[in-house]
1. Conditions: (1) within 20 Å of the chain's Cα centre (by Cα); (2) loosely packed, with under 14 Cβ neighbours inside 10 Å; (3) in a loop (DSSP other than H, G, I, E, B). Val212 meets all but one. Number of the miss?
2. Those residues that are free of Cβ contacts under 8 Å to residues at least 60 places away in the same chain and in a loop (DSSP other than H, G, I, E, B), I need them from the stretch 1-26; list them, please.
3. Search the stretch 224-250 for residues being more than 27 Å from Arg20 (Cα to Cα) and part of a helix (DSSP H, G or I), and hand back the single one that is most open to solvent (accessible area, probe 1.4 Å).
4. Among (1) in contact with a Pro (Cβ under 7 Å, 6 or more places away or on another chain); (2) surrounded by 19 or more Cβ atoms within 10 Å (Cβ to Cβ), there is one condition Trp110 misses while meeting the rest; what is its number?
5. Can you report the number of residues in the stretch 36-62 which are touching a residue at least 60 places away in the same chain (Cβ under 8 Å) and either in contact with a His (Cβ under 7 Å, 6 or more places away or on another chain) or open to solvent by 60 Å² or more (accessible area, probe 1.4 Å) (or both)?
6. Identify, please: which residue in the stretch 254-272 is part of a helix (DSSP H, G or I), of a type outside the set (A, V, I, L, M) and in contact (Cβ under 8 Å) with a residue 60 or more places away in the chain and is, among those, surrounded by the fewest Cβ atoms within 10 Å (Cβ to Cβ)?
7. Within the bounds of the stretch 121-140, is there any residue that is open to solvent by less than 10 Å² (accessible area, probe 1.4 Å) and in contact with an Asp or Glu (Cβ under 6 Å, 6 or more places away or on another chain)?
8. How about the stretch 178-209: which of its residues are open to solvent by less than 30 Å² (accessible area, probe 1.4 Å) and among the aliphatic types (A, V, I, L, M)?
Amino acid sequence: MREDPALYDYRSWDERLPIRWPDGARVAFWVAPNVEFYELDPPPNPIRKAWPRPTPDIQGYGTRDYGNRVGHVRMMELLDRHGVRGSVSLSVALCEHHPEIIDMCRERDWEFFSHGIYNTRYAYGMDEAQERAMIEDSVRTIAEHTGQKCSGYLASALTHTERTLDLFSEAGGLYTCDLFHDDQPTPVRVRSGEPFVSVPYSLELNDTIVYVVNRIEPRRYGEMIKQAFDRLYREGERGGTVMCVPLHAYQVAHPHRIRAFEEALAYITGHPDVWVTTGREIAEYYVEHYYDQAVAKWGGGDSGDGGNGA
């Protein structure tokens, strides 16, 4: 039995490469709006139910539909005011259900990365052929509807198999948001041997975790974001850090919640030495400037055993 996922090697915080982001920025700051579609009555998964109540779960569906009808526009306008381009964690079926939202994101030159097909269909229980087909479908759909190459992956509802990262790398992917283990990018072992990176994506600052799981009030959420930034900004003077705020329009963009986030966003973007960027740009910059050094020093990259231990 493995004692760890064997995807990356340990690196002590005081031994890190002295990462410097463009123009000497201390923090690479990115915002990841999850633009999702939840089916009212999805096919059953043998391991996990899609809805907490019996279907049709009108309450759950309607709450999420609020994001697509109202919340995204409110969130987009806020990000526009502060010069932030979103990195869209996309349920790619939304390209068919709500192409108008895709168009609004494209107009803003936002990045699109894959969050699976629907957020009500999970990788649990899939064999390798099924999961490969799902990943390739999502990559192809993003290219067809946005003109972009899909560089990043966040598994649908954070459901994975031991093959997920290997399959996404083989589909041409560059980075994953699914590891949650660090405040800097990390080389990840995949069986393709191609460069592949973990880009930090914070569950602690994810608005769904904050509001639904931890039941934190909006004002405190805004304070959390500021406090996280202060720490990463201070530590980023020694070596560049990454800060991600993952959002859901059906959570943060409600009228009583949006102000706290806007105040935090104004606070962050009001600092010098902050690279306001996207997930793809972070991954590409890291691969170009630091990946080979990190692999040489700590390992990573090609696993050398035909996979990541799957």
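The values are calculated or read from the model by the stated rules, or taken from the named source; none is laboratory data. Remember, predicted model here, so these are calculated numbers, not experimental data. Counting neighbours? That spans all protein chains shown, and the Cβs are built from the backbone with ideal geometry, glycine included. Ligands, DNA and RNA are stripped out before the accessible areas are found, and what is left, the full protein with its side chains, is counted by its heavy atoms. Shrake-Rupley method; radii C 1.70, N 1.55, O 1.52, S 1.80 Å.
1. Unmet for Val212, out of (1) within 20 Å of the chain's Cα centre (by Cα); (2) loosely packed, with under 14 Cβ neighbours inside 10 Å; (3) in a loop (DSSP other than H, G, I, E, B): (3).
2. Met1, Glu3, Asp4, Ser12 - these are the residues of the stretch 1-26 that are free of Cβ contacts under 8 Å to residues at least 60 places away in the same chain and in a loop (DSSP other than H, G, I, E, B).
3. Going through the qualifying residues, I end up with Tyr250.
4. With (1) in contact with a Pro (Cβ under 7 Å, 6 or more places away or on another chain); (2) surrounded by 19 or more Cβ atoms within 10 Å (Cβ to Cβ) applied to Trp110, the lone miss is (1).
5. Going through the stretch 36-62 one residue at a time, the tally reaches 6.
6. Per the criteria, the residue is Thr269.
7. yes
8. Across the stretch 178-209, the qualifying residues are Val188, Val190, Val197, Val199, Leu205.
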